[in-house]
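Enquirer: Provided herewith is a single structure, encoded as structure tokens, for subsequent inquiry.
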Amino acid sequence: MKFSSVLKIAVLAVPLMMASCRSHKKVVTDTPVAISPEQAELLDRVDSHTQRNMTFVGSKLKFTVNVDNKEISLSGNLRMKRNDVIRLQLMALGLVEAARLEFTQDYVLIMDRINKQFLKAPYHDVEFLRNSGINFNTLQALFWNELFQPGKADLSKEDRKLFTLKSLGDGEAVINFEDGDGEKVRSKMFYSWLVNELTGRIKTTNIMYRDAANGNTQLNWDYREFKDLGSKLFPSDMNVTLTTPKKEVKLGIRLNSLNNDDDWDLRTRVSSKYREVEVDEILHRIMSL
């Protein structure tokens, strides 16, 4: 596989994951579910790992893309400011920035540095982002190893009552959340987290789009290693797998120098030399991979 082809996959992998979750009707009735004291304690343990007091997280990273049994590794940087921005910079041959993905509360920016192209649009203007239920807050929760509910910036105790829990034995439990109304409406969107019952640490996050006609699409975000960052542990080795009826894309994200550096520009300014790419063109490129 040519480097340019794999780079295109790397640039488009994150929005492809978001695009995999198609349009769905949100019908949550926000009816609390009765949970036992033991289940409430487990949710408290999971919530205790939420990094609410940490503002900046950064690291050098190794970004691995595997598709069609072919793999390429890119170096780069990850910079995040909580509740504000997530930025991935990918380097070609470890020397030149080849691509940049920037997510804020208001818009997504995808830059192809090599071909001088970019897409910048608010979430509500990008249909596959608007309808997926995956927004900035969801993406932040995935990087930060936290529970989430679509449309929620943070979870209150009342929000947590909407989760269902089940012990699997061997020190593991599964936490589920569905955008539906129980037996009345079975949503196509389903979210689950595999957690360690003793520590409350999330081991895997799964987001599934259920389609009886065309087959299910799901995103698995696995956490393999944690490192000290401040007073808590932060995920430093993550494997991401997107499985569709037609394709499987695997990403490896390894952070090797975690820090709290705040000396960087929070927003990327796009040069006038770049050509803006329409949403339809981005979708066409994704579907033609």
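The values are calculated or read from the model by the stated rules, or taken from the named source; none is laboratory data. In this text, all values refer to a predicted model and were calculated from it rather than measured experimentally. Neighbour counts run over all protein chains shown; Cβ positions are idealised from the backbone, glycine included. Accessible surface is based on the protein model in full, side chains and every heavy atom, while ligands, DNA and RNA are left aside. Shrake-Rupley method; radii C 1.70, N 1.55, O 1.52, S 1.80 Å.
Enquirer: Whether any residue in segment 85-104 is in contact (Cβ under 8 Å) with a residue 60 or more places away in the chain, farther than 19 Å from R269 by Cα, surrounded by fewer than 19 Cβ atoms within 10 Å (Cβ to Cβ) and in contact with a Lys or Arg (Cβ under 9 Å, 6 or more places away or on another chain) is what I want to check.
Expert: Yes: segment 85-104 contains one or more residues that are in contact (Cβ under 8 Å) with a residue 60 or more places away in the chain, farther than 19 Å from R269 by Cα, surrounded by fewer than 19 Cβ atoms within 10 Å (Cβ to Cβ) and in contact with a Lys or Arg (Cβ under 9 Å, 6 or more places away or on another chain).
Enquirer: Now for a separate question. Quick one: A121 ticks every box in (1) assigned to a strand (DSSP E or B); (2) modelled with pLDDT of 90 or more except a single one, so which number is it?
Expert: For A121, the failing item is (2).
Enquirer: If I filter segment 253-272 for residues that are under 19 Å from the mean Cα position of the chain (by Cα), in contact (Cβ under 8 Å) with a residue 12 or more places away in the chain, farther than 30 Å from D44 by Cβ and crowded, with 19+ Cβ neighbours inside 10 Å, do I get at least one hit?
Expert: no
Enquirer: If we only count helices (runs of 4 or more DSSP H) wholly inside segment 127-222, which ones have 1 or more residues that are at pLDDT below 95 and closer than 26 Å to E248 by Cβ?
Expert: Details: elements: 127-130, 136-144, 157-160.
Of the helices (runs of 4 or more DSSP H) lying wholly inside segment 127-222, those with at least 1 residues that are at pLDDT below 95 and closer than 26 Å to E248 by Cβ span 127-130, 136-144.
Enquirer: Oh, and also: Restricting to segment 67-84, name every residue that is of a type outside the set (A, V, I, L, M), open to solvent by less than 60 Å² (accessible area, probe 1.4 Å), touching a strand residue (DSSP E or B) at 6+ places or on another chain (Cβ under 6 Å) and farther than 22 Å from N115 by Cα.
Expert: K81
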